[in-house]
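The values are calculated or read from the model by the stated rules, or taken from the named source; none is laboratory data. Remember, it's a predicted structure, so these values are computed and weren't measured experimentally. Please note: Cβ atoms are built from the backbone with ideal geometry, for glycine as well, and neighbour counts cover all protein chains shown.
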Amino acid sequence: MLRPFSLFVLNYEAGDSINEWQLNFASSGEIGMTQIDVSNTTHPVTDYADAVGRIEALQQRDSAETLPVARTQFMAQGRKAENTVVMLHSLSNSPEQFYELGKHFFEHGYNVLIPRMPHHGSSERMTQDQAKLTQNELIAYLTEAIDIAQGLGKRVVAIGQSLGGVLAAMGAQYRRDVDLAVLINPTFGLWGLPLSLSLRMAQMMLALPNQFLWWDWLKAGRFGPDYIYPRVSTHALAEGLNLAHTLYRSAEQSKPAAKSILVVTHRRDPLATASATARLVALWKQREAEIRAFEFTDLPRLHDIVDPWSIGAHLDTTHGMLIQLIMTGIV
């Protein structure tokens, strides 16, 4: 499993300049952020045919270098359904992460959209493209997916794992047209570090040239299936942490916009900081948000509890519980 500031660095790459609204270095050394109002950039679709057209445009962004299983996936009922689900995958993973879980919802009559995150899904697993990922792109990725979902179903569920869970939380905070936001092991903090230290680590990561770290240095390039990158960009990690900081600032000031929120965590998660997630849940509860929390307690030590490759023999139990929790929340 990845360790912070790992010595097993393979590559360096200068990162993109930091946008003004993303990160400000105050004289005190604290990280400060300007609030982002996602609702200002929304263009929701109401018609099913228009939604399908927008999805086809998304799919056209997949190039010849994109693995077939890593492309934007759409499981269509052929009409606007009662419910639709948008699934947001993890950093360095791809839409294939959610494919098996998505099939269950499709079989229950949902339209299912699993969009590919920018700079992901390449057949070149050692690509450096992931380091280009920015908060602007992540917000656009989330916004477009939820906009499209409005034309696919009368009720919209946004589900995300890890960084995808942070994005689902952004959807919960800012989007009134999300009926249920599901956060699965969201990475508001990393490696058990408190939120403040995680943010300082993000500051350091962005101040230094990008580094690529192995997810598992013992397996190195042999880690995972083809649709998962075996290493992660420090700049991309930092962009996700800074986005989480923006979310906290907004949650301190206002109630989340989504109708309902479900937070799913795993007690033996080695990556996401449990206290950081608990802090956000507490902020939302103070605002009297409609929120439920569930913790897996009997799974082995792992972070990804969605991808069949990751959870292995625990697939049926884990997916079964996720489906039950989500479908109970949407009814």
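Once region 214-233 is narrowed to residues that are within 19 Å of the chain's Cα centre (by Cα) and not in a loop (DSSP other than H, G, I, E, B), the residue that is surrounded by the fewest Cβ atoms within 10 Å (Cβ to Cβ) is 232. Candidates in region 90-131 are the residues that are charged (D, E, K, R), touching a residue at least 24 places away in the same chain (Cβ under 8 Å) and out of contact with any helix residue (DSSP H, G or I) (no Cβ under 8 Å at 6 or more places or on another chain); of these, the one that is nearest to residue 211 (Cα to Cα) is 124. Identify, please: which residue in region 303-325 is free of Cβ contacts under 8 Å to residues at least 24 places away in the same chain and under 20 Å from the mean Cα position of the chain (by Cα) and is, among those, nearest to residue 224 (Cα to Cα)? Taking the candidates together, the pick is 310. Here is a check on your reading of the model: is residue 155 charged (D, E, K, R), at pLDDT 95 or above and surrounded by 21 or more Cβ atoms within 10 Å (Cβ to Cβ)? Considered against the rule, which asks whether it is charged (D, E, K, R), at pLDDT 95 or above and surrounded by 21 or more Cβ atoms within 10 Å (Cβ to Cβ), residue 155 comes out as no. Selection over region 272-293 of residues that are crowded, with 16+ Cβ neighbours inside 10 Å and over 18 Å from the mean Cα position of the chain (by Cα) gives a count of 5.
Here is a check on your reading of the model: is residue 43 out of contact with any strand residue (DSSP E or B) (no Cβ under 8 Å at 6 or more places or on another chain), closer than 24 Å to residue 186 by Cα and not basic (Lys, Arg)?
Numbers: out of contact with any strand residue (DSSP E or B) (no Cβ under 8 Å at 6 or more places or on another chain): yes; closer than 24 Å to residue 186 by Cα: no; not basic (Lys, Arg): yes.
No, not satisfied.
Among residues of region 237-260 that are part of a loop (DSSP other than H, G, I, E, B), those with a beta-carbon under 6 Å from a residue that is acidic (Asp, Glu) at least six positions away or on a different chain give the pairs 259/179; 260/290. Scanning region 284-331 for residues that are of a type in the set (Phe, Trp, Tyr), farther than 19 Å from residue 170 by Cα and part of a helix (DSSP H, G or I) yields one hit, 309.
I'd like the residue in region 119-143 that is of a type in the set (Ser, Thr, Tyr), under 15 Å from the mean Cα position of the chain (by Cα) and outside any loop (DSSP other than H, G, I, E, B) and, out of all such residues, is farthest from residue 181 (Cα to Cα). Out of the qualifying residues, it is 141. Of all residues in region 147-158, those that are more than 11 Å from residue 113 (Cβ to Cβ) have Cβ atoms under 6 Å from Cβ atoms of residues that are part of a strand (DSSP E or B), 6 or more apart or on another chain, in 154/82; 155/83. Just one of (1) of a type outside the set (Ser, Thr, Tyr); (2) under 22 Å from residue 97 (Cα atoms); (3) surrounded by fewer than 20 Cβ atoms within 10 Å (Cβ to Cβ) fails for residue 266. It is (3). Every listed requirement among (1) at pLDDT below 95; (2) closer than 25 Å to residue 83 by Cβ; (3) loosely packed, with under 13 Cβ neighbours inside 10 Å is met by residue 320 save one, (1).
Among residues of region 77-89 being of a type outside the set (Val, Ile, Thr) and in contact (Cβ under 8 Å) with a residue 60 or more places away in the chain, the one that is surrounded by the fewest Cβ atoms within 10 Å (Cβ to Cβ) is 82. Across region 31-53, the qualifying residues are those that are part of a helix (DSSP H, G or I) and closer than 28 Å to residue 242 by Cβ, and the one among them that is modelled with the highest pLDDT is 41. Looking at this structure, is residue 175 touching a residue at least 40 places away in the same chain (Cβ under 8 Å), within 27 Å of residue 266 (Cα to Cα) and among the basic types (Lys, Arg)? It is true that residue 175 is touching a residue at least 40 places away in the same chain (Cβ under 8 Å), within 27 Å of residue 266 (Cα to Cα) and among the basic types (Lys, Arg).
Give 218, 243, 247, 213 a once-over and let me know the one that is at pLDDT below 90 and among the aliphatic types (A, V, I, L, M). Don't jump to the end; show me each part of the working.
Details: 243 fails: at pLDDT below 90; 247 fails: at pLDDT below 90; 213 fails: at pLDDT below 90.
Result: 218 is the single residue among 218, 243, 247, 213 that is at pLDDT below 90 and among the aliphatic types (A, V, I, L, M).
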